[in-house]
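What follows is one structure encoded as structure tokens, with my remarks underneath.
Quick note: the coordinates plus some simple rules give every number you see, no bench work behind them. Please read these numbers as outputs of a predicted model, since none were measured by experiment. A quick note on method: Cβ atoms are made from the backbone with ideal geometry, for glycine too, and the neighbour counts reach across all protein chains shown.
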Amino acid sequence: FAAAHPTMIDLIDYGDSWCKTQGGCTSPAPQNWSWPGDDLIVARITNELADGPKTGRFFVDGGIHAREIPTPELAKAFIELLVNGYGVDPNVTWLLDEREVYVVLSSNPDGRRMVELGAGTEPPYSGNPWYWRKNSNYSVAGSLACAWPPTSGSQFGIDMNRNHVFKWEGPNGGYSDYVCAQTFRGPSPASEPEIQAYEDFVRSIIPDQRGPGDNDPAPADVTGFLINLHNYTDGVILVPWGWTTANSPNNAQLEAIAYKMSTYNSYGVQHALYPVSGNTRDWAYGELGIPAYVIELYGDDFFSNCNLLPGIISNMLPVLKYAATISDRPYMR
């Protein structure tokens, strides 16, 4: 694990130093992003000196489920592709002249620290990273009864991908009310500072463009695009909705974009692996009206074999570039 993957400290140092020193890359960071007080690290990548206003904004984040280790590494590789490619690759140069790209390395930093905690050598640590999924909030009643050391069926914390305000209490389940469960949704909608900061930040860069009803379609000229990275599967792009088996009012456009993305990486396209309420893609589409997807990376484990990582990353970078490119008017492309 340690040989193949950077630690959370490595990612923070990367965001604080390398990214800030590169042209066109900054880190706007709301305070107290995570439950213990870590800050949000967002790379904003664009050419500030380009003429005219930017016509599209693309947001992508990794690490919302802490144990899904390849996703922050893909986010980091995307930052480097854009910054290093400006002035070298004509497509990247055009992209950063015309668009704003926002990349979150890890949207669950304290959960990532819990993964790494298991690698300690003193009891109760085993020397192996823990498969920790949630954040590290142990303040909810009953949390101290969860297993310690954690198991796959019992750990404290809140599932960040069940805590969004949109359909937090979905009618078809897709969450757990058991505090130790992997899919525990939390005590209330957006109860967690990570999700509050996530939603507030995305709202600050992308306006609400859809009505409040489940069947209200977003207009054709919507601007903005969001991808929430996960792993592992055989490789799949998940389209809203996840909270219901019904199609969204923009299903035709959302599926068309998903199938176009799949031409770059040969991933499958479907609406859900299983019911899921309070999730990121449903929130971003449901509230803002923008195309929003979960992309589940292919792999052999939540950590993934070191030998697979280069292929996983190179297979996904064209997808992220495409999403950023069409973020100005994605439904009209």
| Extent of segment 113-200 along each principal axis, from alpha carbon coordinates, in Å, largest to smallest? | 42, 25, 20
| task | List, in order, the whole-Hz ³J(HN,Hα) value for each residue of segment 179-184 obtained from phi through the Karplus relation with A = 6.51, B = -1.76, C = 1.60 and θ = phi - 60°; use x for Gly and Pro. | result | 4, 8, 6, 4, 10, 4
| Cα-projected label distance for Arg203 with Glu122, points at 7 Å along beta-carbon direction, nm | 4.3
| message | Just to confirm a number: summing +1 for Lys and Arg and -1 for Asp and Glu over residues other than Asp328 whose beta-carbon lies under 15 angstrom from that of Asp328, what do you get? | response | +2
| segment 229-277-segment 122-175 distance, computed between alpha-carbon centres (Å) | 25
| task | Please find, in a Gaussian network model of the chain (springs between Cα atoms separated by less than 10 Å), the residue of Pro124, Pro189, Pro212 whose mean-square fluctuation is greatest. | result | Pro124
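Taking Rh as the Kirkwood radius computed over C-alpha pairs, what is the Stokes-Einstein D of segment 94-138 at 25 °C in a medium of viscosity 0.890 mPa s, expressed in µm² per second?
On the way: Rh = 12.7 Å.
Taking Rh from Cα pairs, D becomes 193 µm²/s.
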| request: Taking only Cα atoms and a 10 Å spring cutoff, compute GNM fluctuations for the chain and point out the largest among Arg185, Arg113, Arg203. | output: Arg203
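Checking the table Lys76/Lys321; Lys76/Lys260; Lys54/Lys321; Lys134/Lys167 against a 21 Å threshold on Cα-Cα, which pairs fail?
Details: Lys76/Lys321 14 Å; Lys76/Lys260 24 Å; Lys54/Lys321 16 Å; Lys134/Lys167 19 Å.
Distance filter (> 21 Å) returns Lys76/Lys260.
Among DSSP beta bridges lying fully in the chain, give the percent that are antiparallel, nearest 5. Please list the in-between numbers first.
Details: 10 of 30 bridges.
If we restrict to bridges inside the chain, about 35 percent are antiparallel.
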| remark: When the charge dipole of the chain is computed with +1 on Lys and Arg Cβ and -1 on Asp and Glu Cβ about the Cα centre, the Cα farthest towards its positive end, among Gly242, Ser107, Ala147, belongs to Gly242
| remark: Under the rule rounded for a/c under 1.5, else prolate if a/b exceeds b/c, else oblate, using alpha carbon gyration tensor axes a ≥ b ≥ c, segment 194-333 is classed as prolate
| Along the principal axes of its C-alpha atoms, what lengths does segment 41-192 span, in descending order and rounded to whole Å? | 57, 42, 22
| task | With springs connecting C-alpha atoms under 10 Å apart, model the chain as a Gaussian network and identify which of Gly15, Gly153, Gly242 has the largest mean-square fluctuation. | result | Gly153
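What shape does segment 257-333 take by its C-alpha gyration tensor, where a ≥ b ≥ c are the square roots of the eigenvalues and a/c under 1.5 counts as rounded, a/b above b/c as prolate, and the rest as oblate? Intermediate values should be presented prior to the final figure.
Working: a/c = 2.27, a/b = 1.32, b/c = 1.72.
Judged from the Cα gyration tensor, segment 257-333 comes out oblate (a/c at least 1.5, b/c at or above a/b).
Could you sort 291-299, 93-101, 213-221 so that the peptide with the highest average Cβ count within 10 Å comes first and the rest follow in order? If you can, show how the numbers build up before the last one.
Numbers: 291-299: 25.0, 93-101: 20.4, 213-221: 13.2.
Per-residue mean Cβ counts within 10 Å order the peptides as 291-299, 93-101, 213-221.
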| Say R0 is 45 Å: what FRET efficiency, to the nearest 0.05, do Gln270 and Val88 get from their beta-carbon distance? | 0.80
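By its C-alpha gyration tensor, with a ≥ b ≥ c as the square roots of the eigenvalues, how is segment 192-255 shaped: rounded for a/c under 1.5, else prolate for a/b larger than b/c, else oblate? Please report the intermediate quantities before stating the final value.
On the way: a/c = 1.63, a/b = 1.01, b/c = 1.61.
The shape class here is oblate.
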| query | Over segment 222-280, what per residue volume does the convex hull of the Cα atoms give, in whole Å³? | reply | 99
